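To keep things clear, I will list the structure first and then write my remarks on it.
The values are calculated or read from the model by the stated rules, or taken from the named source; none is laboratory data. Model, not experiment: these values are computed from the prediction. All Cβ positions, glycine included, derive from the backbone under ideal geometry; neighbour counts span all protein chains shown.
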Amino acid sequence: MTDAELHAYWPDLATVIAQLRRADRPAVAEALVDAVRAGATSSEILGGVGVVLREHRALRSVIGAAGVRAWDAVMADVNRAFPVSRLARWVARLTRRSN
């Protein structure tokens, strides 16, 4: 998938990938591209992208403001697709804090 195809397909994700490349994080950018390529359905794509972004959430602080907005938009797409997993993560965070 070319950058132009990705931009036409999912502009916010294309922005995140471009920002990660600029921040010298090409491996994470390629992991996102691979998640898109590997998915056979929209759920698989959203799930794969969500996993990569969650695993590397600390990188959100090294990308520009446009990248942060795009990251948030992509995660909103993921959370809309999997609302139960969002609730489960929220509950897990609450229980971790109380221990």
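Summary of computed values
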read-out	value
In the range 1-43, the residues that are small (Gly, Ala, Ser) and within 13 Å of the chain's Cα centre (by Cα)	Ala14, Ala18, Ala29, Ala31, Ala35
Cross-chain or 6+ apart pairs with Cβ under 9 Å, the range 64-88 first and farther than 15 Å from Ser42 by Cβ and at pLDDT below 90, then surrounded by 13 or more Cβ atoms within 10 Å (Cβ to Cβ) and not hydroxyl-bearing (Ser, Thr, Tyr)	Ser85/Gly47; Ser85/Gly50; Ser85/Val78; Ser85/Asn79; Arg86/Val78; Arg86/Asn79
Qualifying positions in the range 1-10 - surrounded by 15 or more Cβ atoms within 10 Å (Cβ to Cβ) and either of a type in the set (Val, Ile, Thr) or touching a residue at least 24 places away in the same chain (Cβ under 8 Å) (or both)	Leu6, Trp10
